[in-house]
Amino acid sequence: MRKALAYTVIFAALQVFVSTVAQLMWTMVLKHDGVMSTTAMIITLSTFNVLAMVLFLATKWTVVSRHWVRTRPWAVLFWCVMAAIGLIVPSVWLQEHMPDLPNLMGEGVEEMMGSRLGYVVVGLLAPLVEEMVFRGAILRSLLKWSSNHWLAIAISAGLFALSHFNPAQMPHAFLVGLLLGWMYYRTDSIVPGVVLHWVNNSIAYAVFNLSKAAYGTADTTLAQLVGEERVLLAVGFSLLMLLPALYQLNLRMKK
C-alpha cells in the first residue's frame, strides 16, 4: 500500500513540478503574461508524460514485457475496442444523473483539446503513460499487498480518478479504472488497458471537438447530442456492445 501511495504522489508531484517550471519559463524567461499558449501547454504535458515514462521504466517501478503480446491476443484487443465504445454513453448517462460536480477544466486545457497537436497528449501519450503508472506500477504493487484483487483494483481506480484533479471527470475515470484494473489483473499486461484507454480518450477528444463545432461549446448533454427521445435508445444500444464485449473478455483474457 505504501508503494502505491508513493507512486501516486511521485506521479502527481512530477506533474506539478514540470507545470511550475514551464509556467516560470513562460512568464520570466519568455516574458509572457497569463496562461500559457496552447502549444506551450502541449509541450509541457508531453514533457511531463515522457519524463514520467522514463522515470518509471528506469527505476523498474513498471515492468514491461512482451510475453502477453507474443500470444497474439488479437481477439482480446478487438473486444477491448468494443468495450471502450460501448462504455462511453452509459457512463455519461450515469454521470448526468448524479449531483453536479465542479468542472475545473481550464480554458487552456479546452484549447489544447481543440488542437490537433493536443491529440498527441490526450490520445497517445496519456493512455500509454497512465497505464504504465496506474496499472503497471500502482496496481501491480497493490495486488502484492492484498489477496483481495477487487480491493486492489478499487483502490487503484480511486487513485486514478483523483489524479485527474477534476471532480467532473472523476466518476467516469473511476468506472474506467475498474475495468482497466480488471483487465490488468486477468492478463498481467498493460497492453489491453492501453488499447481501451486509447479508444476511450480518442472518443472523448472527437466528441469534444464535434460538440464545439456544432454547439459552440463542449459542455453538451446526451439529449443535445442524440435527441431527448433517443437517450435511452442510445444507452441500450451501447450496452448491446459493452455487455457482450465484457463477456468475451472474461472468456478470452489469460495471463
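Annotations for the structure displayed:
- Shown are Glu228, Glu131, whose ranking by accessible area with a 1.4 Å probe and every protein chain present, most to least, is Glu228, Glu131.
- Residue-count net charge about Gly177 - beta-carbon cut-off 11 Å; Lys, Arg +1, Asp, Glu -1: -1
- Ranking Asn103, Val92, Leu142 by how far each Cα lies toward the positive end of the dipole of segment 77-161 (charges on Cβ) leaves Leu142 at the top.
- For the pair Val226 and Leu101 in one chain, pulling the backbone fully straight at 0.36 nm per residue adds 42.7 nm over the alpha carbon distance.
- In this rough spin-label picture, where each label sits 7 Å from Cα along the Cβ direction, the Leu57-Leu210 distance is 3.4 nm.
- For the chain, the solvent-accessible area of protein heavy atoms averages 54 Å² per residue (probe radius 1.4 Å; ligands and nucleic acids excluded).
- Measuring r between the beta carbons of Leu77 and Leu128 and using R0 = 22 Å, the FRET efficiency lands at 0.90.
- Label-point gap, in nm, between Val64 and Asp188 - each point 7 angstrom along Cα→Cβ: 2.0
- Shown are Arg72, Arg116, Arg186, whose ranking by accessible area with a 1.4 Å probe and every protein chain present, most to least, is Arg116, Arg72, Arg186.
- Greater than 31 Å apart at Cα, pairs in Lys212/Lys255; Lys60/Lys212; Lys60/Lys254; Lys3/Lys254: Lys212/Lys255; Lys60/Lys212
- Estimated inter-spin distance, Val35 and Ala6, nm [label 7 Å along Cα→Cβ]: 3.7
- In this structure Trp150 has an accessible area near 130 Å², from a 1.4 Å probe over the protein heavy atoms.
- Zone of Leu162's modelled label, taken as backbone nitrogen in segment 2-28 under 19 Å from a point 7 Å along Cα→Cβ: 2-17
The values are calculated or read from the model by the stated rules, or taken from the named source; none is laboratory data. Since the structure is predicted, the reported quantities are computational estimates derived from the model, not experimental observations. Positions of Cβ are generated from backbone atoms using ideal geometry, with glycine treated the same way; all protein chains shown enter the neighbour counts. All accessible areas refer to the heavy atoms of the entire protein, side chains included, with ligands and DNA or RNA removed. Shrake-Rupley method; radii C 1.70, N 1.55, O 1.52, S 1.80 Å.
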